[in-house]
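Here the structure comes first, spelled out in structure tokens, and everything after it is commentary.
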Amino acid sequence: MFSFSSIDQYHSSLQDGTATCLQAVEHYLQRINAQMHLNAFVDIYADEARTRAAALDLQRQSGRPMEVLHGVVIGIKDVIAYNGHKLTAASRILEGFHSIYSATAVERLLEAGAIIIGSLNCDEFAMGSTNENSAYGKVLNALDETRIPGGSSGGSAVAVQAGLCMVSLGSDTGGSVRQPADLCGIIGLKPTYGRISRYGLIAYASSFDQIGIFGSTIADVALTLQVMAGADDFDSTVSTRPVPDYTHGLKEKQDKPLRIAYFPEALDHPSLDPEISQAIHNLLKNLQAEGHQVSPVSFSLLDHIVPAYYVLTTAEASSNLSRYDGVRYGYRTSKEGLDINELYETTRSEAFGTEVKRRIMLGTFVLSAGYYDAYYTRAQKVRKLLFDQTQLIFKEFDHIFLPTTPSTAFRIGEKTTDPIAMYLADIYTVMANLVGIPAISLPLFRHSNGMPFGLQVMSNRFEELSLLRISDLLIDRQLKP
Amino acid sequence: MEVTEAMIDKLSHLARLRFTADEKGQIRGDLERMIHFVEKLDELDLNGVEPLIFMTDEVNVLREDEVKGSVSRDEALRNAPAHTDTFFTVPKVIKK
Amino acid sequence: MASNPAYETVIGLEVHAQLLTQSKLFCGDSIAYGAAPNTHVSPVTLAHPGTLPKMNKKAVELAIRMGLACHCEIERHNYFARKNYFYPDLPKGYQVSQHTTPICKGGHITIRTEAGGERAVRLNRIHLEEDAGKSLHDVLDTDSCIDLNRAGTPLIEIVTEPDLRSAEEVSAYLTELRKLVRYLGVCDGNMEEGSLRCDVNISVRRQGDARLGTKVEIKNLNSIRNARRAVEAESRRLIELLENGQPVLQQTRSFDAATGTSFATREKEDADDYRYFADPDLTPFALEESFIDSIRASLPELQEQRVQRYMNQWNLPDYDARVITDDKSLADFYEEMVNAGALPKPAANWMLGPVKSWLNENDKEISDFPLSPAALAAVLKMVDTGALSFSAASTRLFTHLLQHPADDAAVAAQQLNLIQQSDADTLAPLIDEVLARYADKVTEYKKGKKGVLALFVGEVMKRSKGKADPRVTNELLLERLKS
């Protein structure tokens, strides 16, 4: 009976012959089939995964050393390009489209021996927080199928939550990895902006997007990050800073007391579920008692970050989505007798969902003549303020603790009528994207309503190692009562 | 601020989107609420603050002038909704 | 330009020049001209989902090179913005351009006016941007065809201030600009192939009026001649409107080369709101001094420097030097001839005479000239040694070699029986014959009528069937007549 608890454990069982990659793939395919109603996957590469698994097994059996992610079964969010495979962004406008190249991140995973088992469902063009905005239908939270899994990387979160793959990739522009990780009770990491190449990641908001990782252990997440991170010839904005050895670094003992900051405005915000607030307050108190430095830091901009986020991301998105016009690829309307502008309008209106259209309209508005300074430039200034403030905080502290999301997973359909209510739920996650710092959601808690919720930890730019270490510590602490 | 139908028409033309009469009412309401929401930024005093334009640290990123990476015409046309052997096709465009 | 002196025509030009790089501005597709449609494309050019741009270093260098040559301020800090609009040959739905922060500001290009003086035409800016693809409307009946080979080709846009005042000045500016980009190796300046394209912004006002009139834009002029004609026609049209008290509409117009008139394509009011914002997929540029210095140090020699060099090094007259260097390729050819052993002044004569005539008659560029500089130098050598007369060389031998460029010049000259007789022994009997025949003229000569010498030379030439070297004949005759 195949079972998986971590990549390390999996590789040990491959080595000692108690498992094969093919067994692993069959195991996951079975589980996927048994849980199709969760609707986590858009496309399943069953035969391909089997073939690859068999080849990897042969490779190992012939004595070749295993690559770092040998046989690791991974699902990728349907916004990440994989050569020869459908890429739809969960949108009708990319119906039938097959990518003719692979994302750098995917190429690196494959070079490291991973098996890509399928593409994962999400909100259309990564716009949404509930995975109810997909052209392929909503995704269900495996812990309570009447509830949302979160979004936009809902499928990626459920895939790991429900044991449909070992590790999955999502994308995080305003919380789309951390929030579903929180609502599904797993680990979700958004790296520093520029840590992982964006080449092959369908752009939503170019200065916010990052590929993110879902996993069930910190070690797994660290290893996957290790493989994908680093400079890339195809992305001008990717960082050229060297990538630390996260796996090795995690094994080193750290004894220094931690310097942790938290925002009282955030923990005592009226929109935050009191149980979540309490749990985090308690954790902070306990850490302080254990000798770590825990301090409140004032954060007056809290109520302005979501508006700033929506101005800037919708502006970038309105431009990034112009290429979906029915000319070179994807959906084109079947209506006849249209001139070119009518073709654009009809194609885009027929194939984009409502939320996507809303955001394109808002983005077009904030960039338009006469409004640019009042909205777009202002929001850029708020971003600068926030960036500077954050840098000051990290001069004195190593980590910031925040909730990930104001509530646990709510019911499907509960929030679809009011976009603004949805946007406000991003209040804790958008900060990391606005200032480009790494952030992780850790599944530390359980609500009295039975659903999980997490803690969000943020570190300074390119301090993933520090972030992963404290994450490891906190999860370990959790396991010991 | 109030969102007029004229504004919706202008923005949807810029974005090449079209709304039915019903949809227009809906999007007008949505946009109005969204704009009202982001107008919260007006409360802040941003005098003397420079806009943050780039999120990346990197500067002067350039590549060598080399020919590489092209795909075949077949591959290029493979995903096209309308094409000949040679070209992508669209309804005839009035000359610019 | 025949114009109404009561009015002044004010013109500014925007020229787009395709840069001489190997690959596109943001990806590695080739930009070589003439490829089959849609074969120089990649996911980046096709604007496939998830693709990103990466800037071509050579394009930046060429833009700076142009800026330095035009005495512009090189902006150390600049970035690229997105110009958002929809058009089928614009794959991303936006063009990436430095419209808002050009890499070069100010500067000027000096033109020679018809009156013979010089005038500096001020530039507003030079900036980098990517070209769009091509839409072909005549291939199919109901559809337009899109070719994306050109999409992403690096361009610089060179914008003047509204400093030009006539069609002649427009022509002079474009000629100078074309020469400059070719000298710099920045662009091949080929307007027919579209590597240099010109948009004209033109308005008219009453003489003495300080305000500018309403501006009309004429786009995509593809030859200097058409630019000139367009400016003439438009100036007339605008003046006529003003004379008749009619309003000038701010429009974009196209020039119909067949009729010599312009027609409106778009009302400017309809212009898109481009919603420019800094492209977040590219990094900003903070150009280092050392980078700019190295480009400055490697600036190719410009025309003015060459003219001086020809005058100083080879004693060429100003006129010769200037005409030869007007076309860089012609000047390169000339220099190669001299390096192959041809004497500078005779070589210049050949360039300005027989070579240029042939090029003009056949409507060709020096790059199409059948003979190599070395081959032509060999011909000149034979004239220099006296083996051939200039006349025989520049007419009969020249014509033959142009048709049979592989032939050796000396061999061909022999076969064509062009080699001059300069051998005294061969010529002596002919001279004897002539002097005997014209004994009375000999007497006249000895009495002081020196002019008959020419008759003697002519008669010797006749008897030798034109092959006698006139110079040597002359000398021999003088010798003989002394006695």
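The values are calculated or read from the model by the stated rules, or taken from the named source; none is laboratory data. It should be emphasised that the depicted structure is a prediction, and the values quoted were computed from it without experimental measurement. Here the Cβ is made from the backbone with ideal geometry for all residues, glycine too, and neighbour counts use every protein chain on show. Please note that ligands, DNA and RNA were not included when accessible areas were found on the heavy atoms of the full protein model with its side chains. Shrake-Rupley method; radii C 1.70, N 1.55, O 1.52, S 1.80 Å.
Solvent exposure of the stretch C:38-187 amounts to 29 Å² per residue of accessible area, where only protein heavy atoms count and the probe is 1.4 Å. Once the gyration tensor of the Cα atoms in the stretch C:403-455 is diagonalised, the equivalent ellipsoid follows with semi-axes of 36, 12, 8 Å, ordered largest first. Positive contributions from Lys and Arg (+1) and negative ones from Asp and Glu (-1), summed over other residues with Cβ under 12 Å from the Cβ of residue A:14, come out at -3. Model label points for residue B:2 and residue C:73, set 7 angstrom from Cα along the Cα-to-Cβ axis, are 4.5 nm apart.
Tell me, what is a quarter of the convex hull surface for the C-alpha atoms of the stretch A:378-450, in nm² with one decimal? Reported value for the Cα convex hull: 6.6 nm². Given R0 = 45 Å, the distance between the Cβ atoms of residue C:417 and residue B:67 translates into a calculated FRET efficiency of 0.30.
Just counting partner chain Cβ atoms within 10 Å, what average do the residues of peptide A:231-241 show around their Cβ?
6
Computed from point charges on the beta carbon alone (+1 for Lys and Arg, -1 for Asp and Glu), the dipole magnitude for the stretch C:139-181 about its Cα centre is near 200 Debye.
Each 10 Å bin from 0 upward holds the following percent of the Cα-Cα pairs of the stretch C:284-438: 10, 31, 25, 16, 11, 4, 2, 1, 0, 0.
Buried accessible surface for the C/A pair, both sides summed and rounded to the nearest 100, is 2800 Å² with a 1.4 Å probe.
Determine the shape class of the protein assembly as shown: with a ≥ b ≥ c the square roots of the Cα gyration tensor eigenvalues, call it rounded for a/c under 1.5, and otherwise prolate if a/b is greater than b/c, oblate otherwise.
Prolate, because a/c is 1.5 or more and a/b exceeds b/c.
Computed from the C-beta positions of residue C:6 and residue C:272 and an R0 of 35 Å, the FRET efficiency is 0.40 to the nearest 0.05.
For the segment A:347-354, counting C-beta atoms of other chains within 10 Å of every residue's C-beta and taking the mean gives 3.
For the listed peptides A:170-179, C:327-336, C:151-160, a ranking on the average number of other beta carbons within 10 Å per residue, highest first, reads A:170-179, C:151-160, C:327-336. Here chain C yields Rg over Rh of 1.12, to two decimals, using C-alpha coordinates and the Kirkwood radius.
For the protein assembly as shown, a crude dipole built from +1 on the beta carbon of Lys and Arg and -1 on the beta carbon of Asp and Glu, taken about the Cα centre, is about 1920 debye to the nearest 20.
On the principal axes of its alpha carbon atoms, the stretch A:126-270 extends 43, 40, 34 Å, with the longest extent given first. Simple spin-label estimate for residue C:437 and residue A:285 gives 13.4 nm between the two label positions (7 Å along the Cα-to-Cβ direction from each Cα). The packing ranking of peptides A:255-263, C:212-220, A:183-191, A:403-411, highest mean first, is A:183-191, A:403-411, C:212-220, A:255-263, where packing means the average number of other beta carbon atoms within 10 angstrom of each residue.
Most simply put, the stretch A:183-319 has about 50% antiparallel DSSP beta bridges, counting only bridges with both residues inside it. Principal-axis analysis of the Cα atoms of chain C puts helix C:373-385 at an angle of about 30° to the longest axis. Using C-alpha pairs below 8 Å separated by at least 6 residues, the relative contact order for chain C is 13 percent. Taking Cα atoms only, the orientation of helix C:57-69 departs from the longest principal axis of chain C by about 70 degrees. A straight Cα-to-Cα reach below 22 Å connects residue A:285 with the lysines A:256, A:480, residues fewer than 8 places away in its own chain not being considered.
Computed as a quarter of the hull surface, the mean projected area of the alpha carbon convex hull for the stretch A:1-85 stands at 6.2 nm².
Among B:92/C:364; A:138/B:10; B:10/C:54; C:381/C:465; B:92/C:92, which pairs are too far apart, with a Cα-Cα distance over 26 Å?
Over 26 Å Cα-Cα: B:92/C:364; A:138/B:10; B:10/C:54.
Only one residue of C:155, C:173, C:203 has its Cα farthest out toward the positive end of the dipole of the stretch C:152-216, where Lys and Arg carry +1 and Asp and Glu -1 on Cβ, and that residue is C:203. Per residue, chain A reaches -12000 deg cm²/dmol at 222 nm when only DSSP H runs of four or more residues are counted, each adding -39500 (n - 2.57).
Over the stretch C:161-251, the hull volume per residue, using the convex hull of the C-alpha atoms, is 96 Å³.
Taking a Cβ cut-off of under 13 Å around residue A:220, the surrounding Lys, Arg, Asp and Glu residues balance to a net charge of -2, with basic ones at +1 and acidic ones at -1.
For the stretch C:396-483, the solvent-accessible area of protein heavy atoms averages 58 Å² per residue (probe radius 1.4 Å; ligands and nucleic acids excluded). For chain C, the Cys residues with no second cysteine's beta carbon closer than 4.7 Å are C:27, C:70, C:145, C:187, C:198.
Here the relative contact order of the stretch C:322-402, from alpha carbon pairs under 8 Å that lie six or more residues apart, stands at 32 percent.
Surface composition of the protein assembly as shown: carbon and sulfur make up 49 percent of the accessible area, probe 1.4 Å.
Using a 1.4 Å probe and counting only protein heavy atoms, how much accessible surface gets buried when A and B come together, both sides summed, in Å² to the nearest 100? Write out the running numbers ahead of the final one.
Values: alone 19060 and 10020 Å², together 23740 Å².
The A and B chains share an interface burying roughly 5300 Å².
Counting, for every residue in C:127-137, the Cβ atoms of other protein chains within 10 Å of its Cβ and taking the mean gives 2. Structure note, pairs A:381/B:40; A:77/A:190; A:357/B:24; C:219/C:328: Cα-Cα distances above 20 angstrom occur for C:219/C:328. In the calculated pair-distance distribution of chain A, the portion above 40 angstrom amounts to 16 percent of the Cα-Cα pairs. Radius of gyration (Cα atoms) of chain B, expressed as a multiple of 2.2 N^0.38 Å: 1.80. Other residues with beta-carbon under 14 Å from the beta-carbon of residue A:443 carry, at +1 per Lys or Arg and -1 per Asp or Glu, a net charge of -1.
Here the convex hull built on the C-alpha positions of the stretch A:348-481 has a volume of 156 cubic angstrom per residue. Only residues of the stretch B:33-76 count here: report those whose backbone N is under 18 Å from the spot 7 Å along Cα→Cβ of residue C:289, or say none. Within reach of a label on residue C:289: no residues.
With the charge dipole of the protein assembly as shown set up from +1 on Lys and Arg Cβ and -1 on Asp and Glu Cβ about the Cα centre, the Cα lying farthest toward the positive end among the listed residues C:107, C:406, A:444 is that of C:406. Give, as ranges by residue number, the residues of the stretch C:283-306 whose backbone N falls under 14 Å from the point 7 Å along Cα→Cβ of residue B:53. Counting backbone N atoms under 14 Å from the label point, the list is C:283-287.
Give me the log10 of I(q) over I(0) for the stretch A:224-320 at q = 0.13, 0.19 Å⁻¹, as the Debye formula computes it from C-alpha points; what are the numbers? Rounded to two decimals, the profile gives -0.88, -1.04. Note on residue C:110 and residue C:312: with the Förster distance fixed at 30 Å, the Cβ-Cβ geometry gives a FRET efficiency of about 0.90.
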